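K.L.:
Okay, here's the structure, questions in a sec.
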Protein chains: 2
Amino acid sequence: MAKPIEFWFDYSSPYGFLASEKIGEIAARHGRAVDWRPFLMGAVFKVTGTQPLVDVPMKGDYTRHDMARAARALGIRFTVPAGFPFMSVGACRASYWAKDRDPVKAQALMQGLYRKAWSEGGDISHPGAVVAQAEAAGFDGQEVEAAMNDAAVKDRLRAEVDAGMAKGVFGSPFFFVDGEPFWGHDRLAMVDRWLATGGW
Amino acid sequence: MAKPIEFWFDYSSPYGFLASEKIGEIAARHGRAVDWRPFLMGAVFKVTGTQPLVDVPMKGDYTRHDMARAARALGIRFTVPAGFPFMSVGACRASYWAKDRDPVKAQALMQGLYRKAWSEGGDISHPGAVVAQAEAAGFDGQEVEAAMNDAAVKDRLRAEVDAGMAKGVFGSPFFFVDGEPFWGHDRLAMVDRWLATGGW
C-alpha cells in the first residue's frame, strides 16, 4: 500500500481550507489516502520572523481578493470568518485527540471544523464550537471538552507542531508526497503530477 | 485593440523569470501584447517588512528546491546565478531607457538579460554585463553605459517603482489583466482563464 499524502494545515488558513476541499479527490485518483495534520502557524511565524499574509502591508489586500477569487475558480463555497485570523489551538487539540480514537470520525470532525469556519464563516476559536462539531462527527461532547484541557493532549499537539517544523513545514497548506514537499494550494496540480509520475 | 497585459518583475526573481518564459505565449493566444515592467523588490521589502524568500528561515531551502522543480515542470532551462539574490538596478535602468527608444529591441534586451541570469547562471549585476546584452539586442553600448548613470534615467526607474507600488505590486512576477491583479508564476493558469472569460 502506497504511503498516505501528508496534508499539514492551519484551521485559520484560507488556502489550507481550499486545499482541504480538493486533496481528497486528487489522492483518491492515485489510490492514496490523506493524513490530515493540523498545526499552528503561530509557531512558524516565530521562527521565520513572518506574520499572517493578511497582516502584511500591500499583501493583505491582495490576499483577501485572491482567496475569494481562487475559491470561485474552484467552485468552493467560501466565507471569511469575522474573527479571521483566529486562534485554532482548541480545534487542533480536539483533532489529534479524535485521530487517536477514531480516524474516520476524526476526518469528519476536521472537515466539519474547516467548513464551519470557511464555508459558513463560523467562529471555531472557542471550545463550545469545537465541541459542537465533535458531537456532529459522533464524539462525546464532554469527553472532547475535557480533552482540550488535558495536559497529555496539549503535549501531543506541541509534539506534532515540532515534528512538522522539523520536517520543514512553514506554511499552510503543506504536503508531502513520498517525502517530496509542496507548499500552497497552488501546488495541487504539481502534487497530482507527482503522484502520477513519481517525480521529474 | 485590447490592453496589453502588464508584467511586473524583478530581474533577481526566479519565479519572475519562469513567468517571463510563458507569459508571451499565453498573451498571444488571446491576441494580447505584454508590457514588460522591471522593478526593484528591494523597495517593496522596505514597505512590507519582508525579505527575499531565500533569506527567510525554512522557506529559503524549500524555495531553492521548488524553483528548480517548477522550471523542470515547465521545461525551462534554469540555473541559479552564483550571486543570487543580486542587484538589478543597472539592468532596470537600461531596460526603461531602451523601452523609450525601441520597444522591440528593448523586449529582446529584457529577455536576454533574464536568460543570461537564469538560464545561463550569468552575472547581470554589473554594468558591463548589461552593456553586452544591450549590444546583442542592437543598442549602442556607449549610449547604454551613459544612460545607466543619467539622472533622468535614474528618476524614470524611481517613478516606475513608485507607480508599481501605488498600483499594489508587492511581488515578482505580478500581472494586471484589464486591471485585475495576479501575483506569482503559479497564477498563470488563472491569467489564462481570465483572458479567456473576462473574469469569474
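K.L.:
Counting only heavy atoms of protein chains, what accessible area per residue, in Å², does chain B have with a probe of 1.4 Å? Display every interim value, and only then the final one.
P.N.:
On the way: 8380 Å² over 200 residues.
That works out to 42 Å² per residue.
K.L.:
Mind checking the full-extension length gain between B:Ala146 and B:Phe86? Use 0.36 nm per residue of separation minus the Cα-Cα distance, one decimal, nm.
P.N.:
Difference between extended and current length: 19.4 nm.
K.L.:
How big is the Cα convex hull of region B:86-129 in projection, averaged over all directions, in nm²?
P.N.:
On the way: hull surface 11.0 nm².
With the hull built on Cα positions only, its mean projection is 2.7 nm².
K.L.:
For peptide A:184-193, compute the average count of partner chain beta-carbon atoms within 10 Å of each residue's beta-carbon.
P.N.:
Going residue by residue through A:184-193 and averaging, the value is 2.
K.L.:
Could I ask something else about it? With every protein chain in place, what's the accessible area of B:Arg187 (1.4 Å probe, Å², nearest 10)?
P.N.:
Here the residue's solvent-accessible area equals roughly 20 Å².
K.L.:
Also, quick follow-up: Using a probe of 1.4 angstrom, how much of the accessible area of chain A is carbon and sulfur, in percent?
P.N.:
Details: 4370 of 8400 Å².
Heavy-atom surface of chain A belonging to carbon and sulfur, 1.4 Å probe: 52 percent.
K.L.:
Restricting to bridges with both residues inside the protein assembly as shown, how much of the DSSP beta-bridge set is antiparallel, in percent to the nearest 5?
P.N.:
Here the share of antiparallel DSSP bridges comes out near 60 percent.
K.L.:
First obtain the Kirkwood hydrodynamic radius of the protein assembly as shown from its Cα pairs, then insert it into the Stokes-Einstein equation at 10 °C and 1.306 mPa s, and state the resulting D in µm² per second as a whole number.
P.N.:
70
K.L.:
Given label points at 7 Å from Cα along Cα→Cβ, what nm distances, shortest first, separate A:Ala2 from the same residue in every other copy?
P.N.:
Inter-copy label distances (nm, one decimal, shortest first): 3.7.
K.L.:
Also, quick follow-up: Treating the point 7 Å from Cα along Cα-beta-carbon as the label, what are the nm separations from B:Lys22 to the other copies, to one decimal?
P.N.:
1.3
K.L.:
May I ask for the Kirkwood hydrodynamic radius of region A:1-100, worked out over all distinct Cα pairs and given in angstroms to one decimal?
P.N.:
In region A:1-100 this quantity evaluates to 15.1 Å.
K.L.:
Among B:Ala106, B:Ala137, B:Ala43, which one shows the biggest mean-square fluctuation in a GNM of chain B, springs joining Cα atoms closer than 10 Å?
P.N.:
B:Ala43
K.L.:
Give me the distance in nm between label points sitting 7 Å out from Cα along the Cα-to-Cβ direction at A:Arg29 and B:Glu180, one decimal.
P.N.:
About 2.3 nm separates the two model spin labels.
K.L.:
Mind scanning A:Lys22/A:Lys167; A:Lys3/A:Lys116; A:Lys3/A:Lys154; B:Lys46/B:Lys105 and naming the pairs with a C-alpha gap bigger than 25 Å? Could the numbers behind the result be given before it?
P.N.:
Numbers: A:Lys22/A:Lys167 23 Å; A:Lys3/A:Lys116 29 Å; A:Lys3/A:Lys154 27 Å; B:Lys46/B:Lys105 33 Å.
Listed pairs above 25 Å: A:Lys3/A:Lys116; A:Lys3/A:Lys154; B:Lys46/B:Lys105.
K.L.:
Still on this structure, I have one more. Determine the distance separating the Cα centre of region A:94-165 from the Cα centre of region A:24-39; give it in Å without decimals.
P.N.:
19
K.L.:
Who wins for biggest fluctuation among B:His30, B:His185, B:His126 in a Gaussian network model of chain B, springs between alpha carbons below 10 Å?
P.N.:
B:His30
K.L.:
B plus A alone minus the pair: what accessible area, both sides summed, probe 1.4 Å, in Å² to 100?
P.N.:
Approximately 2900 Å², summed over both chains.
K.L.:
Calculate for the protein assembly as shown the 222 nm mean residue ellipticity that helices alone would give, adding -39,500 (n - 2.57) per DSSP H run of length 4 or more and normalising by residue count, nearest 500 deg cm²/dmol. Each step should come with its number before you reach the end.
P.N.:
On the way: 20 runs with 224 residues, N = 400.
Calculated from helices alone, the mean residue ellipticity at 222 nm is -17000 deg cm²/dmol.
K.L.:
For chains B and A related by rotation, which residue of B has the Cβ nearest the axis, and what is the rounded distance in Å?
P.N.:
Smallest Cβ distance to the axis, with its residue: B:Asp186, 2.
The values are calculated or read from the model by the stated rules, or taken from the named source; none is laboratory data. Keep in mind the model is a prediction, meaning the values are calculated, not measured. In this analysis, Cβ positions are derived from the backbone assuming ideal geometry, glycine residues included, and neighbour counts consider all displayed protein chains. The accessibility values were calculated without ligands, DNA or RNA, using every heavy atom of the protein model including side chains. Shrake-Rupley method; radii C 1.70, N 1.55, O 1.52, S 1.80 Å.
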